[in-house]
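K.L.:
Quick one: this structure, given as structure tokens, is what I'll be asking you about.
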Amino acid sequence: MFELIPFGGRRVSVYDPFRAFDEMERNFFGNTQSNVLSAFRTDVIDTGDAYKLDAELPGFNKDDIKIDVENDVLTISAERKLENNDEKPNFVKRERFYGSYSRSFDVSGIEVDGIQAAYTDGVLTLTMPKKVETVPASRRLEIK
């Protein structure tokens, strides 16, 4: 972040391999912060008979979030659109990004019809009940 400058204004250069990898990535992919939107963070908690998924989606309206289930894959996507103003804003610094976010999860062990969703204070909460495993009944065959 900030480097210490020794007394006298001389700058001491120390080789940092992690910084070299960061520079290589920036040179190859461009400025990753402005070009690529990171995926939103999620927590998945096993509550016993269900899973609880909390996804951080701050700043989104409920209508901007879509939850789809297809072929045992649950996909959460959200899109933030650029605000159209007639005046061109005079940004000094811009860190809020506009674009779409998406994450997919395997829900093969989930009862898909019982999934419930709630969105409060920028956190999407999905309650996903586990499928009840049925043990096939055992039976004895008669020998004829």
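K.L.:
Can you give the FRET efficiency for V69 and R139, using 1/(1 + (r/R0)^6), R0 = 25 Å, r = Cβ-Cβ distance, to the nearest 0.05?
P.N.:
The formula returns an efficiency of 0.10 here.
K.L.:
Explain nothing, just compute: Karplus ³J(HN,Hα) = 6.51 cos²θ - 1.76 cosθ + 1.60, θ = phi - 60°, for every residue of the stretch 133-144 in order, whole Hz, x for Gly and Pro.
P.N.:
6, 9, 8, x, 5, 8, 8, 9, 9, 8, 8, 9
K.L.:
Under a Cβ-Cβ cut-off of 10 Å, what is the net charge of the residues other than I45 that fall near it, where Lys and Arg count +1 and Asp and Glu count -1?
P.N.:
So the environment of I45 carries a net charge of -2.
K.L.:
Continuing with the same structure: What lysines could a cross-link reach from K52, if we take a straight Cα to Cα line under 20 Å and drop same-chain neighbours fewer than 8 places away?
P.N.:
The qualifying lysines are K62, K66, K130, K131.
K.L.:
Could I ask something else about it? If you take every residue apart from E56 with its C-beta less than 13 Å away from the C-beta of E56, what net charge results, scoring Lys and Arg +1 and Asp and Glu -1?
P.N.:
Spelling it out: positives minus negatives among the neighbours equals -1.
K.L.:
Considering just Cα atoms, how many Å³ per residue does the convex hull of the stretch 37-129 enclose? Provide the component values of the computation, followed by the final result.
P.N.:
Numbers: hull volume 10.3 nm³, N = 93.
Per-residue hull volume (Cα only) is 111 Å³.
K.L.:
What's the extension gain from R94 to R19 if we count 0.36 nm per residue and subtract their Cα-Cα distance?
P.N.:
Values: separation 75, 0.36 × 75 = 27.00 nm, distance 2.40 nm.
This chain segment gains 24.6 nm when fully extended.
K.L.:
Find how much the distance from V132 to V112 grows on full extension, using 0.36 nm per residue of separation minus their present alpha carbon separation; answer in nm with one decimal.
P.N.:
6.0 nm
K.L.:
Next up: Taking the alpha-carbon set of the stretch 37-83, what are its Rg and Dmax in Å?
P.N.:
Reported Rg and Dmax, both Å: 12.7, 43.
K.L.:
Distance in nm between label sites at D121 and K81, each 7 Å beyond Cα in the beta-carbon direction?
P.N.:
2.9
Each reported figure results from applying straightforward, stated rules to the coordinates on display, with no laboratory input. Keep in mind it's a predicted model, so treat the numbers as computed, not measured. All Cβ positions, glycine included, derive from the backbone under ideal geometry; neighbour counts span all protein chains shown.
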